[in-house]
Amino acid sequence: MTTPSSKAQGSGVPAAAPDAAPATAPVRRRWLILAVASAAQFLAVLDMIAVNIAFPAIGADFRSASTAELSWVLNAYTIVLAALLVPAGRLADAIGGRRSFLTGIALFGLASVACGAAPGLGTLIAARVVQGVAAAVLVPTSLSLALPAFPPRERATAVGVWTAVSAVAASAGPVAGGLLAAADWRWIFLVNPPVVLLAWLAGLRLLPRTGPVRTGPGERRRLDPLGTLLVLLGTGSLTTACVEAADWGYGAPATLGFLAVGLVMGALAVAHVRRHPDPVVDPALFRTRAFTAATLGLLSYFLAYAASILAATLLFTGAWGWSSARAGLAVTPWPLTVLVVSMLSGRIVKALGERPTAVVGGLCFAAGPVWWLLLAGGDGAHYAVEFMPGLVLTGIGAGLYQPVMFSAAGLLPARRLSLGSGVLMMSRQGGSALGVAALVMITGGAARPGLDALRAGWVFTAVTAALAAVAGAAVRTGVRADPGENGGSGTDPLRHH
């Protein structure tokens, strides 16, 4: 099998550094590597969703705590995960992806044990912070370890499987959270360690040995403490403002203060990375037009995704008056469709090409809220006609769109794989937080918003999904960026796509 490295050598393009991850792995081994990477993604997504379902049970155990204090069991994980994705990806590139992954998954297991054994709310929140740190290390590193094991023509299939695992976790989260919380909410965390142990042992055996990435002959990448701090403060403050705005109030001093800090830190971070010789976020990432389009496209897509799911839940439990259990069951066609389409995405990409697949995916997602705008009524009596087809359309869109866009990480040279994956995951987390905040603002924060407010939300999701389709038109993931940064010509073939 011809690897990208050999192709590069034959075409005059400089080869990747010798410590880069191998371009491909034997067929059986590459799928086992993907299984290990997907297990990490499954745990990170499942713990986020299952704990939301168990929130009332946790509150029953800590009766003296206020709702605002209890909310940090959920928000600590979300905020820390979002804030650390980019710095964690940069660190993984600096110390080696395999070492970073094994450390992250071990830390996730230990934090899960601490959550399950927490004697008080403070300990539980602290353990959730550590879980968020571990998940931030795991998620971008898992994708950056899996992608190089596959040749470019198979990467959409690989990311499709990775996406399908997320869909399984998303659909299993409410069920698993409800069942485990019915016994004891602590089991939500205590079921993690056996999976973690298996994944750690498999990773130790299967994952390629990747050393620290070097910026030149004999020269290791340096860390960027100031840049890391600025990115951490900026993303953490903005995420906190989005997550807490509904409780604090959109015009509250705390919300505006965190928003201001986030914007100032973001501006300082941009100025810093433009001057630093080896910054925490390399501006060269965004000289690849396809990668920039994927970053913006995923941000827009997850704005639509998060707002759509919340709007559906509010419709079922509010305007239609359904129970939470019935509402959870009613949403199930969405993740099931994502699962099926994601598994087929590799074949679809081969048949249509990356750009058409991404554009069709974005438009299919936009068609879902348009369907609801036109047909969703006020009593839910005709759910199968009024609402379920829209869920299937958004599921098809998600299954087509995400694999192509996340595959954009594979465009990057080995020295930027984890960082690039972290940037894409940051788009996912940031878009999700902003999408929820936007829908809450559109509906006025009502627990049972009326149909008119929800229709305004569906307009928002249709527009943002359409913008994601526009970004998809600029993405082409079948060609790898020039890996020869260490003395190469520095040209970027993807800038012309």
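Quickly run through the stretch 146-162 and pick out the residues that are buried (at least 24 other Cβ atoms within 10 Å of the Cβ) and in contact with a Lys or Arg (Cβ under 7 Å, 6 or more places away or on another chain).
The answer is Leu147, Ala149, Phe150.
Could you list, in sequence order, all residues of the stretch 274-295 that are surrounded by fewer than 20 Cβ atoms within 10 Å (Cβ to Cβ) and over 13 Å from Gly420 (Cβ atoms)?
Passing the criteria: Arg274, Arg275, His276, Pro277, Asp278, Arg289.
May I ask you to list the residues in the stretch 437-469 that are farther than 15 Å from Leu315 by Cβ and either open to solvent by less than 40 Å² (accessible area, probe 1.4 Å) or assigned to a helix (DSSP H, G or I) (or both)?
Ala437, Ala438, Met441, Ala462, Val463, Thr464, Ala465, Ala466, Leu467, Ala468, Ala469, listed by residue number.
Quick one: which residue in Ala135, Ala170 is in contact (Cβ under 8 Å) with a residue 40 or more places away in the chain, in contact with a helix residue (DSSP H, G or I) (Cβ under 7 Å, 6 or more places away or on another chain) and buried (at least 24 other Cβ atoms within 10 Å of the Cβ)? Reasoning before the result, please.
Working: Ala170 fails: buried (at least 24 other Cβ atoms within 10 Å of the Cβ).
After ruling out the rest, the residue left standing is Ala135.
Please find, among Ala376, Ala330, the residue that is open to solvent by less than 40 Å² (accessible area, probe 1.4 Å) and touching an Asp or Glu at 6+ places or on another chain (Cβ under 8 Å). Steps first, answer last, please.
Working: Ala330 fails: touching an Asp or Glu at 6+ places or on another chain (Cβ under 8 Å).
Testing whether each residue is open to solvent by less than 40 Å² (accessible area, probe 1.4 Å) and touching an Asp or Glu at 6+ places or on another chain (Cβ under 8 Å) leaves just Ala376.
Of all residues in the stretch 379-413, how many are part of a helix (DSSP H, G or I), surrounded by fewer than 24 Cβ atoms within 10 Å (Cβ to Cβ) and not hydroxyl-bearing (Ser, Thr, Tyr)? I'd like the intermediate steps shown before the answer.
At the first step, the residues of the stretch 379-413 found to be part of a helix (DSSP H, G or I) are 383-386, 388-411.
Still in the running and surrounded by fewer than 24 Cβ atoms within 10 Å (Cβ to Cβ): 383-386, 388-389, 392-393, 396.
Checking which are not hydroxyl-bearing (Ser, Thr, Tyr) leaves us with 384-386, 388-389, 392-393, 396.
Total meeting the criteria: 8.
Can you pull out every residue in the stretch 60-78 that is at pLDDT below 85 and of a type in the set (Val, Ile, Thr)?
Answer for the stretch 60-78, where residues must be at pLDDT below 85 and of a type in the set (Val, Ile, Thr): Thr67, Thr78.
Tell me yes or no: at least one residue of the stretch 122-129 is under 25 Å from Val281 (Cα atoms), part of a helix (DSSP H, G or I) and in contact with a helix residue (DSSP H, G or I) (Cβ under 9 Å, 6 or more places away or on another chain).
yes
Quick one: which of Thr394, Thr491, Thr464 is at pLDDT below 90, among the polar types (S, T, N, Q) and under 28 Å from Lys350 (Cα atoms)? Don't jump to the end; show me each part of the working.
Values: Thr394 fails: at pLDDT below 90; Thr464 fails: at pLDDT below 90.
None of the others qualify; the one that does is Thr491.
So that you can scan it fast, the table gives a plain yes or no per residue for (1) within 27 Å of Arg155 (Cβ to Cβ); (2) touching a strand residue (DSSP E or B) at 6+ places or on another chain (Cβ under 8 Å); (3) not hydrophobic (A, V, I, L, M, F, W, C):
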position	(1), (2), (3)
Arg415	yes, yes, yes
Ser418	yes, no, yes
Gly422	yes, no, yes
Met425	yes, no, no
Ala433	no, no, no
Leu439	no, no, no
Gly450	no, no, yes
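Is one or more of the residues making up the stretch 305-323 open to solvent by 30 Å² or more (accessible area, probe 1.4 Å) and farther than 21 Å from Val440 by Cβ?
Yes, some residue in the stretch 305-323 is open to solvent by 30 Å² or more (accessible area, probe 1.4 Å) and farther than 21 Å from Val440 by Cβ.
Which condition does Asp184 not pass, out of (1) at pLDDT 80 or above; (2) crowded, with 20+ Cβ neighbours inside 10 Å, if it passes all the others?
With respect to (1) at pLDDT 80 or above; (2) crowded, with 20+ Cβ neighbours inside 10 Å, Asp184 is out only on (2).
Among the residues of the stretch 41-59 satisfying the criterion of being of a type in the set (Val, Ile, Thr) and under 30 Å from Ala146 (Cα atoms), which is modelled with the lowest pLDDT?
Ile49
Filter the stretch 304-341 for residues that are modelled with pLDDT of 85 or more and among the hydroxyl-bearing types (Ser, Thr, Tyr); which is farthest from the chain's Cα centre (by Cα)?
Of everything passing the filter in the stretch 304-341, Thr337 is farthest from the chain's Cα centre (by Cα).
Collect the residues in the stretch 301-333 that are not in a helix (DSSP H, G or I) and not polar (S, T, N, Q), keeping them in residue-number order.
Within the stretch 301-333, Trp320, Gly321, Trp322 meet the criteria.
The values are calculated or read from the model by the stated rules, or taken from the named source; none is laboratory data. Keep in mind the model is a prediction, meaning the values are calculated, not measured. A quick note on method: Cβ atoms are made from the backbone with ideal geometry, for glycine too, and the neighbour counts reach across all protein chains shown. These accessible areas exclude ligands, DNA and RNA; they are computed on the full protein's heavy atoms, side chains included. Shrake-Rupley method; radii C 1.70, N 1.55, O 1.52, S 1.80 Å.
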